[in-house]
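Reading through the structure tokens given below for one structure.
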Amino acid sequence: MKNPVPIRSLATALLACALLPAASAQIIGTAVAGQNWPSLQTPPGNPFVNAAGQPFVPLPGSATERQALLGKALFWDEQVSSDRTMSCGTCHIPAVGGVDPRGAYPSTTGGKRGSLGMVPQDAGNQYTDFPGLTMGRQVTPIAVPTNIAAAFFAQVLWNQSAGPNFTDAFGNPFLLGGIDQFPAFSGLESQAVGPPVNSVEMSHAGLTWPSGLIQARLGPARPLALATPGTIPAPVAGFIGLAPDYNSLADIAFAGHPLFGGAIGLTRERFALSVATYERTLIPDQAPIDTRTLTASEANGMAIMQGSGCFGCHSVTGNPTQVAGGGLTNPFDNLFSDGINHSINVPPPVGTGTTNVKTPTLRNVALRTHFLHNGSLKTLPDLLAFDNTQIGAPAFPFAGAPLPATQLRDVRAFLRALTDPRLEVGKPPFDHPDLYADRVPFATNEHGTGTSPALPNPDIVVNSPLINTGELKIGVVNAPAGANAVLFTSPLTAGGPTTWIDFATATPQPAVTVNAAGAGTLLLPTTPAAIVGSAFHAQWRIAAFAPTMSNAGTLVVQ
């Protein structure tokens, strides 16, 4: 948002953007008479309009509904990531406006203010090191943009690098009758296939879609196996109840599809189309600005922003106005973004050099836990205070004098009036399953300290969920390179201060060799039957110049 100026200065305020036609902005859709929001477009044609011509709600029983339900399951399933610790939804929580509620991180992240991602893992899915970050997890270099209403942007992500077209993993177009089926409007599909192969976000190193490893791991998996059954939305639960695994569900969802039909299981393309179809349902069109229930304070806040030039970037027309019955005169203004990259007076996120970024939507901005692409501001008052200091700055050419507190109050009230109340309470389409990582937060099942005469204490890594996965994966880091490490498991604990399990009843697992970075991984494709269905305790014993032991972990395998 550009810096507001007092209403008394309106006569001298100059808007940089004239009344632009919708086509000149990077917002997609078709204006439909009597409809407040634009109708979504994707090729071929425009399948994302229901019988009433309203924002996208898949028709019950349609192939589009089946694909949206499959996409919703995949979006919220932590099994999509290599070690089952991250889902797409982990970083896109509706209750905080579709961003990551975990916010920014301390100086141990190298100044990055992105999202916590994966513990580094190599192509063999084994831990490679334990960098000095938050509990060893990597951090994305840029703050997560919201996915709510992202479907209306021709290209997505801060730098618009995803879209507008969608191709196969080798960059080839999908042709039907010699015609490219995804030449435009396909930023969501393009973006969806990125995180599962990103080694910071959801992947181990070197993972690619053409390798088939993602499909081989995820396709046979039981959908939403890590979610608490009672939290799975009823339509999703009904759909995933039709088949035991993602391969079978994908065949059901895409039966008869002209390009991706047949008994082919869960493919990259089916993953992309279903996740994108689900995301197209996330239209926040029930805020007070939509229902025409603005208070006098909220309406005044809109007027202040209008006169201050904020809407030169935070709208398509530069002059959003309400109409009787709710909504805006130009439906493309509903995003409160022009969808165009601008340079703003904000330092780029660490390691990105990104200064030109797409104008973020103001929808649900009051719910967010961080602001700007570098994630440096934490509250809405922080954001408004920042805007109010940008007088005369190159990025804010319409600024006059700073706003007084009373006008800042009204601007803040207006921004809150852009909140769809369904997000905060998890009503459809913003409902979703719970996450295993919320029930068992990262590293909370580790305790105690290890022993090492010459090195940092060896640390057990047990962040991977062990329930319903069929495999056992536990790591050790900060161990002597080249050492022999053996994980012992026992049903009994010990009281420390260095021995945390009862070694008299402990069972040794196969030994591993610690790599040059001080990490080792026990990766068994099948969980030992002796520990299935019960709590167990584990601790590494490391043979080096002198025997050392790690801290310990307590887990339940089901």
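The values are calculated or read from the model by the stated rules, or taken from the named source; none is laboratory data. Since we're looking at a predicted model, the values are computed, not measured. Quick reminder, even Gly has a Cβ in these numbers, built from the backbone with ideal geometry, and neighbours come from all protein chains shown.
I'm checking my understanding of the structure. Among residues of the range 337-361 that are out of contact with any Cys (no Cβ under 9 Å at 6 or more places or on another chain) and at pLDDT 90 or above, which one is farthest from Gln286 (Cα to Cα)?
Taking the candidates together, the pick is Gly339.
Evaluate the following for Pro210: is it assigned to a loop (DSSP other than H, G, I, E, B) and closer than 29 Å to Pro145 by Cα? Spell out how you get there, then give the answer.
Numbers: assigned to a loop (DSSP other than H, G, I, E, B): yes; closer than 29 Å to Pro145 by Cα: yes.
Taking the combined requirement at face value, the residue satisfies it.
Just to confirm my filter: which helices (runs of 4 or more DSSP H) fall fully inside the range 280-396 and include at least 3 residues that are over 24 Å from Asp100 (Cβ atoms) and not β-branched (Val, Ile, Thr)? It would help to see each step written out before you state the result.
Values: elements: 288-291, 296-308, 380-387.
The qualifying helices (runs of 4 or more DSSP H) are 296-308.
Do we have Ala263 as closer than 30 Å to Arg66 by Cβ, touching a Gly at 6+ places or on another chain (Cβ under 9 Å) and not assigned by TED's automatic domain parsing to the domain that holds Leu408 here?
On the way: closer than 30 Å to Arg66 by Cβ: yes; touching a Gly at 6+ places or on another chain (Cβ under 9 Å): no; not assigned by TED's automatic domain parsing to the domain that holds Leu408: yes.
Taking the combined requirement at face value, the residue does not satisfy it.
Residue by residue, here is whether (1) farther than 27 Å from Pro441 by Cα; (2) in contact (Cβ under 8 Å) with a residue 40 or more places away in the chain holds:
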{"site": "Ala192", "(1), (2)": "no, yes"}
{"site": "Trp209", "(1), (2)": "yes, yes"}
{"site": "Ile232", "(1), (2)": "no, yes"}
{"site": "Ala243", "(1), (2)": "yes, no"}
{"site": "His257", "(1), (2)": "yes, yes"}
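Quick check on the range 191-201. Is at least one of its residues farther than 24 Å from Leu116 by Cα and out of contact with any helix residue (DSSP H, G or I) (no Cβ under 7 Å at 6 or more places or on another chain)? Give the steps one after another, and end with the answer.
Keep residues of the range 191-201 that are farther than 24 Å from Leu116 by Cα, which gives none.
Checked the range 191-201: no residue is farther than 24 Å from Leu116 by Cα and out of contact with any helix residue (DSSP H, G or I) (no Cβ under 7 Å at 6 or more places or on another chain).
Among helices (runs of 4 or more DSSP H) lying entirely in the range 404-467, which contain 3 or more residues that are farther than 23 Å from Val99 by Cα?
Qualifying helices (runs of 4 or more DSSP H): 405-416.
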